[in-house]
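The values are calculated or read from the model by the stated rules, or taken from the named source; none is laboratory data. None of the values given here were measured: they were computed from a predicted structure. Note that each Cβ is placed from the backbone with ideal geometry, even for glycine, and that neighbours are counted across all protein chains shown.
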């Protein structure tokens, strides 16, 4: 692809943890991995210094702003699913026209990944059931481990006050 047909995107990646040095190292490794992706070239990176998280003791947060140049929309879709940026902005081109074959590739990639996530969720549900049965077999009380169902609060209806004195009957 020529430079004028490439897609330029800015992505924001944020991390939380400790120690602060580890956050910067993690973002550096992430950006290196992105730069190795097929059809993707990192053009600019800006990693901010970690700061203490508000209302959290001993945890830090930081983020990186990464500008990439991408050969095609499919590569962008893959980046989104693989690295899950907190935010992205397409800088150029202003209009992206893609063929039905490109749409097929993107939607098939999306479907493939959704199926993979669904499979992981099903495996985790089955493993949870097995673990709960084992706990029960060992004499544990699984009721203490089960999440309590959340009952939505119902709106209270205003109580009609009775008028003082005798009520008049309507005829």
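Restricting attention to the range 8-36 and to residues that are at pLDDT below 95 and either outside the structural domain of residue 75 (by TED's automatic domain parsing) or not in a helix (DSSP H, G or I) (or both), the residue that is surrounded by the most Cβ atoms within 10 Å (Cβ to Cβ) turns out to be 15.
A residue that is touching a residue at least 60 places away in the same chain (Cβ under 8 Å) and under 30 Å from residue 105 (Cβ atoms) can be found somewhere in the range 57-68. Looking only at the range 40-71, residues that are crowded, with 18+ Cβ neighbours inside 10 Å and assigned to a loop (DSSP other than H, G, I, E, B) come to 1 in all. Exactly one residue out of 102, 92 is in contact with a helix residue (DSSP H, G or I) (Cβ under 8 Å, 6 or more places away or on another chain) and closer than 29 Å to residue 32 by Cα, and it is 102.
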